[in-house]
1. I'd like to check something: does region A:198-209 contain any residue that is over 29 Å from residue A:114 (Cβ atoms), crowded, with 22+ Cβ neighbours inside 10 Å, more than 14 Å from chain B (Cβ to nearest Cβ) and not basic (Lys, Arg)?
2. In region A:77-131, which residue that is at positive phi and assigned to a loop (DSSP other than H, G, I, E, B) is nearest to the other protein chains (Cβ to nearest Cβ)?
3. Looking for whichever is touching a residue at least 24 places away in the same chain (Cβ under 8 Å) and within 22 Å of the chain's Cα centre (by Cα) here; the options are B:90, B:108. Which one fits?
4. Which of the residues spanning region B:241-292 are surrounded by fewer than 22 Cβ atoms within 10 Å (Cβ to Cβ), among the β-branched types (Val, Ile, Thr) and within 18 Å of residue B:419 (Cα to Cα)?
5. Just to confirm my filter: which strands (runs of 3 or more DSSP E) fall fully inside region B:143-211 and include at least 1 residues that are among the β-branched types (Val, Ile, Thr)?
6. Look at region B:356-383 and say how many of its residues are over 18 Å from residue A:95 (Cα atoms) and within 22 Å of the chain's Cα centre (by Cα).
7. Please state which one of A:69, A:61, A:14 is surrounded by fewer than 17 Cβ atoms within 10 Å (Cβ to Cβ) and within 14 Å of chain B (Cβ to nearest Cβ).
8. Yes or no: residue B:35 under 20 Å from residue B:189 (Cβ atoms), at pLDDT 80 or above and of a type in the set (A, V, I, L, M, F, W, C)?
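The values are calculated or read from the model by the stated rules, or taken from the named source; none is laboratory data. On a predicted model such as this, the values are computed, not experimentally measured, just so you know. Here Cβ is always computed from backbone atoms with ideal geometry, including for glycine, and neighbour counts include all displayed protein chains.
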Amino acid sequence: MALLEVENLHVSVEDEDIEILKGVDLTINEGEVHAIMGPNGSGKSTLAAVLAGREEYVVTEGSIRYKGEDLLELEVEERAEEGVFLAFQYPVELPGVSMTNFLREAVNSVREARGEEELGAADFLKLVRERAKLVDLDPDLVKRSVNQGFSGGEKKRNEIFQLAMLEPTLAVLDETDSGLDIDALRTVSDGVNKLRSDERAFLLITHYQRLLDYIEPDYVHVMVNGRIAESGDKDLAIRLEEEGYERFQREPAAA
Amino acid sequence: MSTTTLDTSAQTIDRFVSAFQVNHGQALNGTNASVAKRREAAIQRFQELGVPTRKQEAWKYTDIASVLDRPYTLPLGPEEADVSAADLDPYLIDDLDAHVLVLVNGRPDLSLSQLDAMPEDVTVGSLKDAGDHPAFEAHYGEYADAEDEVLTALNTAFVQDGAFIHVPEDVELEQPILLLHVNAAQDDLLMQPRHLFVVEADAKARVIGRQLSLTGARTFTNTVTEMFVGERGYLDHYVIQEEDDNASQVLSRFGYHEGDSVLSTDTFTFSGEVVRNNMTLTPDGPNCETNLYGLVIGHGSMHVDNNTLVDHVHADCVSNELYKHVLNDQSTAVFNGKVFVHRDSQRIDAYQSNDSLVLNNDAQIYTKPELEIYADDVKCSHGTTTGQLDEEAVYAMRTRGIDEATARALLTLAFAGEVLEQVTLDAISERVELAVAGKLPERFNLTGLVETASALNA
């Protein structure tokens with residue numbers, strides 16, 4: 001059984017008659033790293049948002065099965081508890097919500113769902129220090145409000161830090177590389193690579209092949225106009241970098 | 001026990017006037033000529049001013065007349081209150097090492113209080129015993145406006161007892177003073193406590209008033225508090241309002257402070273039926289710092305009205321005002337914040353802001369900032385926001401496995417955080433944070449979280 005099976009997924013924006021995803025098929029197995037590339041507006045981030053459960057998108061056709069269950073039946077927080085994680089393209093600032101409170105509540109609700117015991121204060125702090133190190137995040141940031149006053153790079157690293165804390169089964173990274181300088185990109189990529197495992201799958205959404213130099217994907221998909229236009233291995237990403245997306249846009253995908 | 005039951009067949013005003021006449025000599029310092037004179041003048045003014053109606057701008061949103069019109073009993077002497085130390089135990093604030101003065105139905109009860117550790121030259125006790133104290137002579141009735149404020153006139157006419165605090169020059173009181181105000185009435189009761197805090201020059205004190213109800217009786221408390229802070233002095237006054245849902249009150253505070261002094265007030269309103277807080281602070285000297293912070297957590301059909309005035313009668317002062325409201329259910333909040341800068345009060349920095357989180361369509365906020373400025377070299381600002389929780393933030397938290405109710409509660413606590421940050425006593429900020437968490441809708445149980453957070457931040 002595949003970890004994630006997306007079949008003929010059609011998605012529209014609530015209240016508007018615009019279809020963004022027009023029949024996406026995608027299968028991800030445990031431990032695999034998939035990358036989705038594509039031009040602006042092709043629906044990549046929409047796919048990520050639908051996986052996370054964002055409410056203003058309406059699935060009009062098709063299905064998403066996760067661990068064999070209907071993912072669309074689950075509430076946003078239930079998906080997180082089941083091991084779905086979305087690293088945001090634009091991490092949200094939570095003024096006044098301390099990282100400590102936020103992480104404790106998040107980690108313990110996910111642990112509870114997995115049938116694990118709540119972490120005590122000391123164990124929790126230990127985990128924070130250990131996982132912060134993975135992405136070279138200053139542990140002192142944990143004393144601050146979530147993302148408030150963080151630099152762009154710190155916000156992105158914070159997303160991967162949260163990923164490391166929550167230990168998901170399916171991690172969706174929505175343009176985590178955008179806005180990062182080369183050093184930060186390497187740090188974030190190193191962090192992701194350390195988090196790769198046989199049980200954990202990644203779906204990387206990116207504009208640039210550069211990220212894939214650091215995080216080597218098992219599969220690369222090209223999304224154009226709401227569909228997966230072509231799939232291949234990492235060499236496809238290199239070809240895209242050279243040729244651009246024009247080819248796909250000229251001849252609408254045969255799906 | 002001497003008690004008068006107000007005659008409800010008579011008009012509200014006449015009822016109080018006849019109660020006054022019947023019990024002429026029974027008030028505070030009945031033999032003190034100056035107090036007696038103030039009382040006579042006050043009942044006169046009460047009659048002239050009449051009970052406030054909603055036609056008056058200051059009472060537009062708060063119907064105090066119908067609260068006053070209820071058939072309360074009016075205690076005129078100390079009652080045998082059925083309160084034991086064990087009853088109060090749960091309400092002493094954990095980890096707060098404080099001098100404790102317990103007031104039962106508005107009167108100090110020294111047998112329940114813990115004042116043994118009080119430095120000898122500091123006075124904390126009963127106002128009725130303070131008649132001969134020079135500070136009483138110098139300050140009593142000097143700041144409370146019994147001329148124009150009808151509820152203050154009423155209190156002044158019926159004044160009997162309350163807390164008296166005197167911190168002499170150069171004394172910095174390490175431990176805060178906790179005034180535990182408990183309503184322990186068996187019948188519907190009208191109380192009119194009168195407090196006087198005098199912090200002399202170069203002295204420092206922190207006073208916490210916590211208001212509670214031990215019984216379910218319907219009560220109305222009409223409190224007047226006068227505060228004086230001398231030059232270079234410091235007074236931080238916290239009020240935590242946690243009375244029952246059938247307890248109403250008007251709390252009128254008048255604070256006067258001299259040059260280079262700090263007077264701060266923090267008002268937390270967590271429960272009560274109709275709660276009106278009048279605050280008049282007058283920094284009368286150069287380099288004064290005046291702070292007013294407030295947090296209202298409205299639920300049920302609570303009605304909370306904060307009416308504040310910072311009266312900048314002197315140049316070169318700073319005032320900061322921040323009130324926040326979190327309104328659930330059908331609760332109503334009113335904020336009327338006035339900053340008055342007189343013509344010669346140059347170089348004033350006055351900041352005011354008022355933010356409201358309206359969590360339910362049936363909750364209401366009426367907010368009116370008023371800046372009246374007659375000087376030309378001043379920096380004054382005010383801001384008002386009213387809104388709901390950031391749905392993006394709620395979603396972001398849910399994607400991390402935090403259920404919706406908890407996400408909303410955490411964001412609400414965060415909204416209140418700006419006021420909580422102003423609390424300089426850890427035990428109080430924690431206590432208040434717990435109370436805020438406990439008053440949040442749906443999933444009330446953030447207690448563990450608050451405790452963990454404070455442990456982690458320790």
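1. Checked against the condition, which is being over 29 Å from residue A:114 (Cβ atoms), crowded, with 22+ Cβ neighbours inside 10 Å, more than 14 Å from chain B (Cβ to nearest Cβ) and not basic (Lys, Arg), region A:198-209 yields at least one hit.
2. Initial filter on region A:77-131 (at positive phi): A:83, A:96, A:115.
Restricting the remaining residues to those that are assigned to a loop (DSSP other than H, G, I, E, B) gives A:83, A:115.
Numbers: A:83: 10, A:115: 14 Å.
So, considering only residues that are at positive phi and assigned to a loop (DSSP other than H, G, I, E, B), the one nearest to the other protein chains (Cβ to nearest Cβ) is A:83.
3. Numbers: B:90 fails: touching a residue at least 24 places away in the same chain (Cβ under 8 Å).
None of the other options fit; the residue is B:108.
4. Within region B:241-292, B:262 is the sole residue that qualifies.
5. Working: elements: B:163-167, B:177-183, B:189-191, B:194-199.
In region B:143-211, B:163-167, B:177-183, B:194-199 are the strands (runs of 3 or more DSSP E) which contain 1 or more residues that are among the β-branched types (Val, Ile, Thr).
6. Qualifying residue count for the region: 7.
7. On the way: A:69 fails: within 14 Å of chain B (Cβ to nearest Cβ); A:61 fails: within 14 Å of chain B (Cβ to nearest Cβ).
None of the others qualify; the one that does is A:14.
8. Values: under 20 Å from residue B:189 (Cβ atoms): no; at pLDDT 80 or above: yes; of a type in the set (A, V, I, L, M, F, W, C): yes.
When the stated conditions are applied, residue B:35 does not pass them.
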